[in-house]
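Where a number appears in this text, it was derived from the coordinates with a stated rule and is not lab data. Computed from a prediction, not measured in an experiment: that's the story for all the values here. Here the Cβ positions follow ideal geometry from the backbone for every residue, glycine too, while neighbour counts run over all protein chains shown.
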Amino acid sequence: MIGDRVTIKSGVQLWDGIRLEDDVFVGPNATFSNDRYPRSKIYPAEYLKTVVRRGASIGANATILPGLTIGERALVAAGSVVTRDVPARVLVQGNPARPSAFLDADPVDASACDFSEGPFELLPGVELHRLAQNIEPVGTPVAIELARTVPFAAQRFFALIGAPNGVLIGDQAYIRCIQFVVLLSGAVTALVDNARKRRAVRLAAPGTAILIPAGTWGGYLAFAPGTTLGVFASEPDSPADCIRDYREFLTRFEA
């Protein structure tokens, strides 16, 4: 199935099970397949489905394994080998292809923001905070006074420790849950997206925190070695409160 306004360059073969939605771009000699383990004269009962969502782009000579979904307005860099689903509006590259950047997001360097008058507003309701810290001979303590620092009654706390570079953590939104995310060590790029605007915020100083209200799509990538994030949440963990499909998120929150 091929949608409207799709561009398919030379040297591309489309097999059974390949679906290209509207406004997709497929570069020259990009390769699709529909059988993960092909064998001579042995045919599967049903071919695997590959879906390229609207507005996505696939670079020249990229290889897309079968049964995957390339998210809306995602970009697969030229020559990449895609072995997993590609999130919406994310750049993936390499072999195997890994997330490397958030697309369509205005970059923000947290270290250059002005906190002299309090939190820095990234988007309406999304705030960047700078927490108190002291430099000690054995480390840099970050002070978090719950009643004063976290602007809601936290029901849950968890830490993200040692995520490697080349992975995307999060990539979801919550319907009710508010999060207060604190960088404790290392550096990471955080996405905040309210369905109208997107910001990609580079956090590199311990004690930098983001207040993420409900209805905000978020994720984390470009982890430096030794990165640790502490997350305070206003609600208990609940799969029913989580949106993992970007199209569903836009349908619910885009105004």
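Table for the structure above
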quantity: Radius 11 Å from Cβ of Leu123, net charge of other residues (Lys, Arg +1; Asp, Glu -1); calculated: 0
quantity: For a label point 7 Å along the Cα-to-beta-carbon line of Asn165, residues of region 99-119 with backbone N under 18 Å; calculated: 99-102
quantity: Where Rh is the Kirkwood radius over Cα pairs, Rg/Rh for region 106-253; calculated: 0.94
quantity: Over region 1-104, equivalent-ellipsoid semi-axes from the Cα gyration tensor in Å; calculated: 21, 15, 12
quantity: Lys41 versus Leu103: modelled label distance in nm, points set 7 Å from Cα along the beta carbon direction; calculated: 4.3
quantity: Full-extension gain in nm, Asn95 to Asp4, via 0.36 nm per residue minus C-alpha separation; calculated: 29.7 nm
quantity: Net charge contributed by nearby residues that have their C-beta within less than 11 Å of Val167 (K/R +1, D/E -1); calculated: +1
quantity: Region 222-249 residues near the modelled Gln172 label - backbone nitrogen below 19 Å, point 7 Å along Cα→Cβ; calculated: 222, 229-249
quantity: When the chain is reduced to its Cα atoms, the Kirkwood hydrodynamic radius in Å; calculated: 19.9
quantity: Inter-label distance, nm, simple model (7 Å from Cα along the C-beta direction), Trp15/Ala240; calculated: 4.2
quantity: Computed label-point distance, nm, for sites Asp22 and Arg247 using a 7 Å Cα→Cβ extension; calculated: 1.2
